[in-house]
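Scroll down for the structure; my scribbles are underneath it.
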Amino acid sequence: MASEHGERYSVDVPLRWSDMDAYGHVNNVQFLRLLEDARVIGFQEWFGQERSMLDQGVLVARHEIEYLAPLEFRHAPIAVDMWATRISGASFDLAYEVRDPAAVGDTLYARAETTLVLYSFVDGTPRRLSEVERATLKSHEGAPVPFRWRRR
């Protein structure tokens, strides 16, 4: 899927039996784990296996999630689309859409955004994006997440 500027990245993420709550739905807290799983897979592909952003250090500073439909547990994976929305000196926002790629009408379960800060575990301080990291994020840059509060 193309975004406004770059390419959205899409990854299939399997559900786990433990993701389910007493109502048979994926628990709201487990959505953050699904986003993390997608992010780890995506970053390994975007930035490469050696000296990836994950190895150097990246911390979550903020999450925002808007639940749009109940996600019932099933064995088929869900798709998570990701793209960068704001890129600054030492942080960036990553947008997500959690969807069912096999459903009629491509059911959208949630929209989310995470602010990530690059961090040097060696120095114990934030670090700046490298030119390679910035260019990689730019290649996946797109429009802000269309949260309901932004459409008012």
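The values are calculated or read from the model by the stated rules, or taken from the named source; none is laboratory data. If you're wondering where the values come from, they're calculated on a predicted model, not measured in any experiment. Virtual Cβ from ideal backbone geometry, glycine too; neighbours counted across all protein chains shown.
Values for this structure:
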{"read-out": "Residue list for the stretch 91-104, filter: modelled with pLDDT of 95 or more and more than 14 Å from Arg39 (Cβ to Cβ)", "value": "Ser91"}
{"read-out": "Identity of the residue in the stretch 110-131, at pLDDT below 95 and among the hydroxyl-bearing types (Ser, Thr, Tyr), that ends up nearest to Arg74 (Cα to Cα)", "value": "Tyr119"}
{"read-out": "Ala84 being hydrophobic (A, V, I, L, M, F, W, C), under 16 Å from Val132 (Cα atoms) and touching a Lys or Arg at 6+ places or on another chain (Cβ under 8 Å)", "value": "yes"}
{"read-out": "Candidates Ala79, Ala61, Ala69 - the one that is more than 18 Å from Tyr119 (Cα to Cα), out of contact with any Lys or Arg (no Cβ under 7 Å at 6 or more places or on another chain) and not acidic (Asp, Glu)", "value": "Ala69"}
{"read-out": "Search result, residues across the stretch 1-59 that are assigned to a helix (DSSP H, G or I), acidic (Asp, Glu) and at pLDDT below 85", "value": "Asp19, Asp55"}
{"read-out": "Test: Asp93 is more than 17 Å from Val11 (Cα to Cα) and under 10 Å from the mean Cα position of the chain (by Cα)", "value": "yes"}
{"read-out": "Cβ-Cβ under 7 Å pairs, at least 6 apart or on other chains, the stretch 22-39 side closer than 20 Å to Ala76 by Cβ, far side assigned to a helix (DSSP H, G or I)", "value": "Val26/Asp19; Asn27/Asp19; Gln30/Asp19"}
{"read-out": "Single condition Glu64 does not satisfy, out of (1) surrounded by 13 or more Cβ atoms within 10 Å (Cβ to Cβ); (2) more than 13 Å from Ala110 (Cα to Cα); (3) charged (D, E, K, R)", "value": "(2)"}
{"read-out": "Odd one out for Phe73, checked against (1) under 18 Å from Val132 (Cα atoms); (2) surrounded by 13 or more Cβ atoms within 10 Å (Cβ to Cβ)", "value": "(1)"}
